[in-house]
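Asks: Here's a structure for you.
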Number of protein chains: 2
Amino acid sequence: MNIVQDESRRDRKKLQRRALLIEIARRYIASKGLISLRVRDVAEAAGCSIGSVYNEFGDFDGLILTVNRETVQALTARLKAIPAGDPLRQLHGLADAYLGFATEHANLLRALFEHRMEDDRPFPDDILAMVMDAFALMHAPLVRLLPDRDPDDVALLSRMMFSAVHGIISLGLEERMVAVPPEMLRERLAEFVDTHLAGLGVSRSA
Amino acid sequence: MNIVQDESRRDRKKLQRRALLIEIARRYIASKGLISLRVRDVAEAAGCSIGSVYNEFGDFDGLILTVNRETVQALTARLKAIPAGDPLRQLHGLADAYLGFATEHANLLRALFEHRMEDDRPFPDDILAMVMDAFALMHAPLVRLLPDRDPDDVALLSRMMFSAVHGIISLGLEERMVAVPPEMLRERLAEFVDTHLAGLGVSRSA
DNA sequence: CTCGAAAATGAACATTGTTCAAGACGAATC
DNA sequence: GATTCGTCTTGAACAATGTTCATTTTCGAG
């Protein structure tokens, strides 16, 4: 066998285990929160040693960040799947998709937003960029709805709206300090988007 | 000396040290985040033993929750100081006061919203009630601005607005993933409130 | 089959929340 | 002032958990 095949066989195994470790870590975070994630548990569940987890991810933060990276990728994929036809419908779709993702993966999303790096190490640029990308998805439909506004202004508006929606959803899904009852959240969120757009001068959706 | 005076003298000392411990813990959280809080550091800084911290607060969570309680009290006091004269001005004042508090005490506010209890112990009811009280402060001015709406509806609206403002501020002040540049935040937040009120049918502020 | 580099291992270590037996303290009583 | 007794304080020891690294194992190349 040639080198490429040998390496790819080895790599395949390595990648397979890496994926397993990530999946296990994700399950811990998703089911009991980031606080419940333990290196020993992950290693044991994957049937390997603690050291191997460190070989793969460098340190504990590395494992968390890897899961977070995949979380934001999944979120972005879901948001990008919203069709771009009618801008008003698209905005509602984006808000609703965000709510859906947050509902199904509350702990994963919390881990993304609440995780703090050890020591003051900088937050990884690539994750930051991916989050900004997700934020930016509101921009295009808003530009279409507000053609007369300065695009820079609309960029800020879209970030404001995204942040507002994020706040409504994240507080709404927090079981403690219930801001808005979850069962009403979907409907109310749509109403919120409509209201805000109306305030921006966009006539209410059909 | 009689019993009462003896006890109050002892109590005074105890309360004094309790206040010192809280103040030290608050300073750690405020300056480097909840993650930097350590029982040993607090005890050493207060010149007492680890065990005394446990006698005073039960456990680590108890210390954190005590600081959080005072944080939400300080926040509520600040929000309640906004005069109730003009409802529109009051709403702007509330949003601005929240932003001001969040700016000055970003880490304390984060500790309040992001702290998770150990084990799944329930979140303390009194803190929850205090946060709900703070949320409710938007209710009265909104009722005055929307006299024709069902009060229950307005209650939900006010929670939505509070959550939205919270999201804008908390993401805006997060240095990583900067949603809205902090220097613009104040102005933009006011604009956001105006826009949303306009969407609700309230004519823009004078 | 042998060799060597890379990977895996897990015991040992460092940090930090927690407990608790022993001691110190102080108020009431004589 | 001495005694007593309950309370508070102490800090060593423990437990949980992230981290390191010398040793062992693995596996492909020659």
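The values are calculated or read from the model by the stated rules, or taken from the named source; none is laboratory data. Quick caveat, the model's predicted, so the values are computed rather than measured. Backbone-built Cβ (ideal geometry, glycine too); neighbour counts: all protein chains shown.
Asks: Select from region B:24-83 the residues that are away from chain A (no Cβ under 13 Å), basic (Lys, Arg) and more than 15 Å from DNA strand D (Cβ to nearest atom) and write down the one among them that is farthest from B:Ala136 (Cα to Cα).
Replies: Only one residue tops the list, namely B:Arg27.
Asks: Can I ask one more? Quick one: in region B:28-69, which of the residues that are near DNA strand C (Cβ under 10 Å from one of its atoms) and among the acidic types (Asp, Glu) is nearest to B:Asp126 (Cα to Cα)?
Replies: B:Asp61
Asks: Any chance region A:83-90 includes a residue that's in contact with a Phe, Trp or Tyr (Cβ under 9 Å, 6 or more places away or on another chain) and either among the charged types (D, E, K, R) or within 27 Å of A:Glu191 (Cβ to Cβ) (or both)?
Replies: The answer is no; no qualifying residue exists.
Asks: Can you tell me which residue within region A:174-188, out of those that are more than 8 Å from chain B (Cβ to nearest Cβ) and touching a helix residue (DSSP H, G or I) at 6+ places or on another chain (Cβ under 7 Å), is surrounded by the most Cβ atoms within 10 Å (Cβ to Cβ)?
Replies: A:Leu185
Asks: When you scan region A:118-140, do you find a residue that is more than 12 Å from the chain's Cα centre (by Cα), in the same structural domain as A:Asp86 (by TED's automatic domain parsing), crowded, with 18+ Cβ neighbours inside 10 Å and aliphatic (A, V, I, L, M), even just one?
Replies: Looking for residues that are more than 12 Å from the chain's Cα centre (by Cα), in the same structural domain as A:Asp86 (by TED's automatic domain parsing), crowded, with 18+ Cβ neighbours inside 10 Å and aliphatic (A, V, I, L, M), one finds at least one in region A:118-140, hence yes.
Asks: Every residue in region A:175-205 that is part of a loop (DSSP other than H, G, I, E, B) and touching a residue at least 12 places away in the same chain (Cβ under 8 Å), please. Give the derivation first.
Replies: So in region A:175-205, the residues part of a loop (DSSP other than H, G, I, E, B) come out as A:175-181, A:200-205.
Scanning region A:175-205 gives A:Val180, A:Leu200, A:Gly201, A:Val202, A:Ser205.
Asks: Can you say whether B:Gln90 is in the same structural domain as B:His139 (by TED's automatic domain parsing), more than 11 Å from DNA strand C (Cβ to nearest atom), polar (S, T, N, Q) and exposed (fewer than 15 other Cβ atoms within 10 Å of the Cβ), as far as the supplied structure shows?
Replies: Working: in the same structural domain as B:His139 (by TED's automatic domain parsing): yes; more than 11 Å from DNA strand C (Cβ to nearest atom): yes; polar (S, T, N, Q): yes; exposed (fewer than 15 other Cβ atoms within 10 Å of the Cβ): no.
For B:Gln90, the condition - in the same structural domain as B:His139 (by TED's automatic domain parsing), more than 11 Å from DNA strand C (Cβ to nearest atom), polar (S, T, N, Q) and exposed (fewer than 15 other Cβ atoms within 10 Å of the Cβ) - is not met.
Asks: Could you pull out every one of the helices (runs of 4 or more DSSP H) wholly within region B:101-170 that has 3 or more residues that are within 24 Å of A:Phe162 (Cα to Cα), modelled with pLDDT of 95 or more and within 11 Å of chain A (Cβ to nearest Cβ)? Before the answer, list the steps.
Replies: Working: elements: B:106-114, B:125-136, B:139-145.
The qualifying helices (runs of 4 or more DSSP H) are B:106-114.
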